[in-house]
Amino acid sequence: MQVRLPSPVTELGDDRLGGVRVFLKRDDLIHPDFPGNKWRKLKGNIDAAREHGAMLTFGGAYSNHIRAVAAAGARFGLRTIGLIRGEEHLPLNETLAYATGCGMELHYLDRTTYRSRNEPDFLARLPERFGEFHLVPEGGSNALGVRGCTAIVEEIEEPYDVLCCACGTGGTLAGMAYALSAGRRALGFSVLKGGRFLYDDVASLQRAAFGHRTDNWSIELGYHFGGYAKRTNALTDFADDFEVRHGLRLDRVYEAKMLAGLFDLIRQRRFAPGTRIVAVIAG
Ligand SMILES: *Cc1c(COP(=O)(O)O)cnc(C)c1O
């Protein structure tokens, strides 16, 4: 498969930066079927799935991760099973229609059942229903997925001080922060309301992937703009204006929130002039 790696890094020229320099790492350009960090997180999981011939995973009806797992199944000849949160709605939305088009088998879990998706009792019953498979958690964030995100850091040759990303499950932040060299730090922006749990999740993901956690990261909790997949007029205005200035249409679920947050922190002078920031555009 043709993937574009390393993904390009470009500097953002913007008159609002006041002496701070911002670079975008364009993981959205890696491959059209695998929005950036989803490829980073799936690569090791695809290798692990080969011996089972199948991957089973979880996600919401609009999940980029579901889309990426389905695409991986079609490309690498793996059976894929998607357990989707909520009820079936017909006609299928674009994400789920794409997933079935790739051959993914969809099954729906009511919200209560979905909440037990990581519990051992629930997981133990899945093979009798679905046969043999490699399990990939929601968002692709397991130890293999988190380790895949260290490559983002290894690819960046430009000097920088801070590395930013949007956080859904926190797997990307966990992997990137682990790989940073001394003196640099990672900053995540929660796209979920009440994202404080991410502090525990990122630490646990680092322990699972690397054996210990690092202390070089933090998470901004105040830029969720209403919650997951929600938006406010302020967010839409920021993203529309960004598109006019830079010719880049930002994903509204993740990247618009990260950059709106980053620009707000810059406006509040939270970074010293001369600070170099790399923001990862993951999709
Ligand atoms: C999934 C996704 C993220 C979040 O990554 P996590 O590792 O789950 O925190 C960020 N940006 C985009 C575009 C994504 O698809």
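The values are calculated or read from the model by the stated rules, or taken from the named source; none is laboratory data. Source: prediction; values computed, not measured. All Cβ positions, glycine included, derive from the backbone under ideal geometry; neighbour counts span all protein chains shown. What goes into the accessible areas is simple: the full protein's heavy atoms, side chains included, and nothing from ligands, DNA or RNA. Shrake-Rupley method; radii C 1.70, N 1.55, O 1.52, S 1.80 Å.
Among the listed residues Gly211, Gly168, Gly188, which satisfies the condition of being away from the ligand (no atom under 13 Å from the Cβ) and closer than 21 Å to Thr150 by Cα?
Answer to the check: Gly211.
Give the residue, chosen from Leu265, Leu235, that is in contact with a strand residue (DSSP E or B) (Cβ under 8 Å, 6 or more places away or on another chain), more than 13 Å from the ligand (Cβ to nearest atom), assigned to a helix (DSSP H, G or I) and touching a residue at least 24 places away in the same chain (Cβ under 8 Å).
Leu265
Leu163 fails exactly one of the following numbered conditions: (1) without any contact (Cβ under 8 Å) to a residue 60 or more places away in the chain; (2) within 16 Å of the ligand (Cβ to nearest atom). What is the number of that condition?
For Leu163, the exception is condition (1).
Give the stretch 1-43 a look and list any residue that's farther than 28 Å from Phe238 by Cα, surrounded by fewer than 18 Cβ atoms within 10 Å (Cβ to Cβ) and touching a helix residue (DSSP H, G or I) at 6+ places or on another chain (Cβ under 8 Å), or say none.
Across the stretch 1-43, the qualifying residues are Met1, Val3, Arg4, Leu5, Pro6.
Would you confirm whether any residue within the stretch 104-119 is open to solvent by less than 60 Å² (accessible area, probe 1.4 Å), without any contact (Cβ under 8 Å) to a residue 12 or more places away in the chain and not in a strand (DSSP E or B)?
Yes; the residues of the stretch 104-119 include at least one that is open to solvent by less than 60 Å² (accessible area, probe 1.4 Å), without any contact (Cβ under 8 Å) to a residue 12 or more places away in the chain and not in a strand (DSSP E or B).
Among the residues of the stretch 52-60, is there at least one that is within 11 Å of the ligand (Cβ to nearest atom), touching a residue at least 40 places away in the same chain (Cβ under 8 Å) and part of a helix (DSSP H, G or I)?
no
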